[in-house]
Amino acid sequence: MDSIFSQFLDAYTMRIIILIGINLILALGINLVTGMTGQLNMGHAGFMSIGAYTSAICSLNLDTPFLLSLFLGAVTAGAFGFIIGIPILRLDGDYLAMVTIGFCEIVRVFFLNFEPGGKAVGLSGIPQDTTLSFVWLLVLIILFLNYRLNRSRIGRAMFAVKENEIAAEACGIHTSRLKIIAFTVAAFLGGLGGGLYSHYIFYISPQDFSFTKSIELLNMVVLGGMGSLPGTVLGVIILTIAPEVLRVVAEYRLLFYGGLMVILMIFRPNGLLGGVRWYDVKQKWFKMKSKTTKEG
Amino acid sequence: MAEELLKLDQISQEFGGLRALDQVSFVVQTQDIFGIIGPNGAGKSTLFNLITGIYTPTQGNIYFKGENINHLPPYKIAALGIGRTFQNIRLFSTMSVLDNVLIGGHGITKSGFFQCLFSLPKARKEEKQLRETAKELLNMVDLYDKKMDYAKNLSYGEQRRLEIVRALALHPSLLLLDEPAAGMNPKEKEDLMQIIRHLKQEMNITILLVEHDMNLVMNICERIAVLNYGEKIAEGSAEEIRNNQEVIDSYLGTAHRI
Ligand SMILES: Nc1ncnc2c1ncn2[C@@H]1O[C@H](COP(=O)(O)OP(=O)(O)OP(=O)(O)O)[C@@H](O)[C@H]1O
Ligand SMILES: [Mg+2]
């Protein structure tokens, strides 16, 4: 499969497509907990880090097969999400953001001092098992499941928690449990993305998973539109490609980033596709079509 | 055949030094339309927040179907069959009218995260039932044609009606309505009275109602309790309340002018 791709695509393009896929899995996690459930999570890179290191150490030291390493990384990250989610999801808004940033830093400092993880130097020589077709197969599965979730009682309840917690409770929604589910699944996806990342880049160090990485991922969701699946996809594509395109203006990249966000917040405060419903688009298109046929 | 559905036993609620409710007791029988009236700040909404578990009473006990519900969290109380609306409407405003009602039925559906994720038979069956109920309910209050509208784009009266059917999606045996007629025009108030009667007669729902519109209260409530500064000063039929001197002095005298 991947040999077919490599016939048509050059290595550089393949790299970007793979990174888009990995970022998408990571961003879908943030979209679930922050975009849908409304719990500001700025510690996603921490979970990514746990997944990246766990799976890399399994592959390097225990010789586990790729799939098992990946799975162990994701489950470990998910378990951490669950354990720290229970106390911290009592907090909301700014406080939750602060604590998740703190978590991300703690994880980074831990790996800086973690002998089996190579301390500050990190790990290298991780088998490069992540392929384009595998990443995108996962992406499609996760997107499909996420889409299904959104149209179920649990997905709707997540949106309800974001909209109005008191009303959500009055509808019988166990809001704290739902937040923990969202946080755990997001952490799992973070760990999965981390494992894919380490088995693609094949060299990782604690600096790769700093708080800035969390913000970068969060930006993708904000740009696309919190809670929107097509929005998240669009946001990830734009912000993964942007740095490549902006390589020419290297030093001004951050300036451009900031500018882009400010402009966005002025013109589309809910993100590019935030609050856009397929139903409305269809409705509008249908009206336009019937109008033109009448005129014609 | 009336029996005790809700019983408040010597309920007091304090906020810091403020005693919002002072040893309030009353019993709501099944199939009652029970009204609570009283001036602003009398503690009516606080009473609702205690019954639905948002606060735990400082003193006293609340029983629903004989079970003490003092320490139950709101979501559990909802699932037991107590639905409510809010004085300051709390809809899921950027979601569709239909979604609002579907979420309303959350407490009586059970399928878990993985069942929903993989759309297993149980989840699918529940979803189908939820959608049928939602359709019926929305038709009942003439909102089915607007099912895809954002809740925030409805008129005030429509929002109040939507909030009522969202609560009904729980199939509650007790429905708490906090000033459902506030902001409605006379025609909408008339419709609301029809709906409330329908709930009682056709759906066997017991109703506890806080309302400032005396015409509405006197018309549909079989029993009325009057609160004043957190104390219950009277309880009885509409006729008895209308002729109670203390009630006239503290509330009705002014309410009629409003
Ligand atoms: N969470 C709270 N913290 C502190 N004081 C509160 C709280 N909730 C209510 N109160 C106070 O309790 C008293 C009763 O308020 P409540 O809202 O129950 O009145 P109400 O009878 O519903 O009035 P209205 O007719 O204006 O709705 C008021 O003095 C109010 O300020
Ligand atoms: Mg009130």
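The values are calculated or read from the model by the stated rules, or taken from the named source; none is laboratory data. Just so you know, these numbers come straight off a predicted model, no measurement behind them. Don't worry about glycine lacking a Cβ; one is built from the backbone with ideal geometry, like all the others, and counts go over all protein chains shown. The accessibility values were calculated without ligands, DNA or RNA, using every heavy atom of the protein model including side chains. Shrake-Rupley method; radii C 1.70, N 1.55, O 1.52, S 1.80 Å.
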The conditions are (1) among the polar types (S, T, N, Q); (2) open to solvent by 30 Å² or more (accessible area, probe 1.4 Å); (3) within 20 Å of A:Thr184 (Cβ to Cβ), and A:Thr100 fails exactly one of them. Which is it? (2)
Before we move on, is B:Arg124 over 22 Å from B:Gln29 (Cβ atoms) and within 17 Å of the chain's Cα centre (by Cα)? no
Residues of region B:72-86 classified as closer than 18 Å to B:Asn204 by Cα and either part of a helix (DSSP H, G or I) or within 8 Å of another protein chain (Cβ to nearest Cβ) (or both), total: 5
Residues of region A:1-21 that turn out to be exposed (fewer than 14 other Cβ atoms within 10 Å of the Cβ) and hydrophobic (A, V, I, L, M, F, W, C), as a count: 4
Criterion first (outside any helix (DSSP H, G or I), among the aliphatic types (A, V, I, L, M) and either within 7 Å of another protein chain (Cβ to nearest Cβ) or open to solvent by less than 20 Å² (accessible area, probe 1.4 Å) (or both)) does A:Ile173 satisfy it? yes
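Okay, residues lined up against (1) among the β-branched types (Val, Ile, Thr); (2) in contact with a Cys (Cβ under 8 Å, 6 or more places away or on another chain):
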{"residue": "A:Ser176", "(1), (2)": "no, no"}
{"residue": "A:Phe183", "(1), (2)": "no, no"}
{"residue": "A:Ile201", "(1), (2)": "yes, no"}
{"residue": "A:Ile204", "(1), (2)": "yes, no"}
{"residue": "A:Gln207", "(1), (2)": "no, no"}
{"residue": "A:Ser210", "(1), (2)": "no, yes"}
{"residue": "A:Met226", "(1), (2)": "no, no"}
{"residue": "A:Ile241", "(1), (2)": "yes, no"}
{"residue": "A:Arg253", "(1), (2)": "no, no"}
What number of residues within region A:135-160 satisfy the criterion of being free of Cβ contacts under 8 Å to residues at least 40 places away in the same chain and either assigned to a helix (DSSP H, G or I) or in contact with a strand residue (DSSP E or B) (Cβ under 6 Å, 6 or more places away or on another chain) (or both)? 12
So which strands (runs of 3 or more DSSP E) stay within region B:183-258 end to end and still have 2 or more residues that are open to solvent by less than 70 Å² (accessible area, probe 1.4 Å), of a type outside the set (D, E, K, R) and touching a residue at least 24 places away in the same chain (Cβ under 8 Å)? B:206-210, B:223-228
Would region B:89-110 turn up any residue that is open to solvent by less than 90 Å² (accessible area, probe 1.4 Å), in a loop (DSSP other than H, G, I, E, B), more than 7 Å from chain A (Cβ to nearest Cβ) and farther than 25 Å from B:Thr46 by Cα? no
Hits in region A:126-162 (condition: surrounded by fewer than 20 Cβ atoms within 10 Å (Cβ to Cβ) and facing chain B (nearest Cβ under 7 Å)): A:Leu145, A:Arg148
Could you identify the single residue in A:Leu178, A:Leu192 that is surrounded by 20 or more Cβ atoms within 10 Å (Cβ to Cβ) and more than 14 Å from every other protein chain (Cβ to nearest Cβ)? A:Leu192
Select from region A:227-245 the residues that are over 26 Å from A:Arg108 (Cβ atoms) and among the aliphatic types (A, V, I, L, M) and write down the one among them that is most open to solvent (accessible area, probe 1.4 Å). A:Val245
Of (1) surrounded by fewer than 22 Cβ atoms within 10 Å (Cβ to Cβ); (2) away from ligand 2 (no atom under 16 Å from the Cβ); (3) within 14 Å of chain A (Cβ to nearest Cβ), B:Ile54 fails just (2)
Exactly one of these conditions fails for B:Tyr150: (1) within 14 Å of another protein chain (Cβ to nearest Cβ); (2) open to solvent by less than 30 Å² (accessible area, probe 1.4 Å); (3) of a type outside the set (D, E, K, R). Give me its number. (2)
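Among the residues of region B:61-80, is there at least one that is within 16 Å of ligand 1 (Cβ to nearest atom), open to solvent by less than 50 Å² (accessible area, probe 1.4 Å), among the hydrophobic types (A, V, I, L, M, F, W, C) and at negative phi?
Yes: one or more hits.
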Check whether at least one residue in region B:9-16 is among the hydroxyl-bearing types (Ser, Thr, Tyr) and more than 19 Å from the chain's Cα centre (by Cα), and report yes or no. yes
For the subset of region A:195-226 comprising residues that are among the polar types (S, T, N, Q) and part of a loop (DSSP other than H, G, I, E, B), which member is most open to solvent (accessible area, probe 1.4 Å)? A:Ser210
Within 14 Å of chain B (Cβ to nearest Cβ), within 17 Å of A:Thr37 (Cα to Cα) and aromatic (Phe, Trp, Tyr) - does that describe any residue in region A:75-97? yes
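Yes/no per residue for (1) at pLDDT 95 or above; (2) within 14 Å of ligand 2 (Cβ to nearest atom); (3) crowded, with 20+ Cβ neighbours inside 10 Å; (4) among the basic types (Lys, Arg):
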{"site": "B:Leu6", "(1), (2), (3), (4)": "yes, no, yes, no"}
{"site": "B:Leu18", "(1), (2), (3), (4)": "no, no, no, no"}
{"site": "B:Val28", "(1), (2), (3), (4)": "yes, no, yes, no"}
{"site": "B:Gln31", "(1), (2), (3), (4)": "no, no, no, no"}
{"site": "B:Phe34", "(1), (2), (3), (4)": "yes, no, yes, no"}
{"site": "B:Gly38", "(1), (2), (3), (4)": "no, yes, yes, no"}
{"site": "B:Gly41", "(1), (2), (3), (4)": "no, yes, no, no"}
{"site": "B:Leu47", "(1), (2), (3), (4)": "yes, yes, yes, no"}
{"site": "B:Leu50", "(1), (2), (3), (4)": "yes, yes, yes, no"}
Looking at region A:56-107, which of the residues that are free of Cβ contacts under 8 Å to residues at least 40 places away in the same chain and part of a loop (DSSP other than H, G, I, E, B) is nearest to the chain's Cα centre (by Cα)? A:Leu91
